[in-house]
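Report on the structure given below.
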Amino acid sequence: MTIIKTLSATLFTLGLALGSVNSQAAGNMSGTLNAQMVLQAGCAISGASGEGNTGVNFGTLDFGAQPSTFTGVLTATATGGAGGAGATQITCSPDVTAITISVSGGNNPGQGGSVGTGSRALKYASSYLPYEVYSDSALTTAFPVNATALGVTLPGTGAAVALPVYGRINKTSVNAMPAGNYVDVLQVTLAW
């Protein structure tokens, strides 16, 4: 009989314990959870992420292929870049309505003056082909060789626009030049 009373008391205690667990699980709680995101003013070049990036691919000023006897003016716009084929694009948030751009003098500033005009020069072996880089498609405002920044106005719409870097070769010499791949590297810095 003592065993039955002890067993009954144990089962009763276990039932109370289970009942108290069930009553604790029956509660609920409600409230609010905030969600947020801060978008900062910024710009991106052809799909490259924005501020603080170094080594961004701004593309190429490709003047094309010409015979080594060519004379005259050739122009180019920045193409390729981080986003792939086509004109190099810059996209800025709508609140960025002006940026500054600086373009270095490249690897061969001031070379090739006997061949044509321009403050920078493309090089092949020991031959130089001068060229100039401008901030406007009308080719009126040249970027200084000392990488002083120039201001450029943006539409403020948030839509992509062509990177405002334009090249111009003006070969004035009628003498043929050695055939080859003439190249230069410019450092570009964009700030807003």
Legend entry - Residue count, the stretch 120-142 (criterion: touching a strand residue (DSSP E or B) at 6+ places or on another chain (Cβ under 6 Å) and surrounded by 17 or more Cβ atoms within 10 Å (Cβ to Cβ)): 12
Legend entry - Count of the stretch 81-99 residues which are surrounded by fewer than 18 Cβ atoms within 10 Å (Cβ to Cβ), in contact with a Ser or Thr (Cβ under 9 Å, 6 or more places away or on another chain), within 14 Å of PRO155 (Cα to Cα) and of a type outside the set (A, V, I, L, M, F, W, C): 2
Legend entry - Meets criteria (surrounded by fewer than 19 Cβ atoms within 10 Å (Cβ to Cβ), modelled with pLDDT of 95 or more and over 22 Å from THR60 (Cβ atoms)) for THR172: yes
Inset, instruction - Scan the strands (runs of 3 or more DSSP E) fully inside the stretch 85-145 and keep the ones with 1 or more residues being among the hydrophobic types (A, V, I, L, M, F, W, C) and either closer than 14 Å to ILE169 by Cα or over 17 Å from the mean Cα position of the chain (by Cα) (or both). - result: 120-124, 127-134
Inset, instruction - Kindly indicate which of ALA35, ALA65 is of a type in the set (Gly, Ala, Ser), at pLDDT 90 or above, loosely packed, with under 15 Cβ neighbours inside 10 Å and closer than 30 Å to ILE169 by Cβ. - result: ALA65
Legend entry - Among (1) modelled with pLDDT of 95 or more; (2) surrounded by 17 or more Cβ atoms within 10 Å (Cβ to Cβ); (3) in a loop (DSSP other than H, G, I, E, B) - the single one PRO164 does not satisfy: (1)
Inset, instruction - Kindly establish whether THR148 is over 24 Å from ASN175 (Cα atoms), surrounded by fewer than 17 Cβ atoms within 10 Å (Cβ to Cβ) and of a type in the set (Ser, Thr, Tyr). - result: yes
Inset, instruction - Please specify each residue of the stretch 153-192 satisfying the condition of being within 21 Å of GLY105 (Cβ to Cβ), under 16 Å from the mean Cα position of the chain (by Cα) and aliphatic (A, V, I, L, M). - result: LEU163, VAL165, LEU186, VAL188, LEU190, ALA191
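The values are calculated or read from the model by the stated rules, or taken from the named source; none is laboratory data. Keep in mind it's a predicted model, so treat the numbers as computed, not measured. Counting neighbours? That spans all protein chains shown, and the Cβs are built from the backbone with ideal geometry, glycine included.
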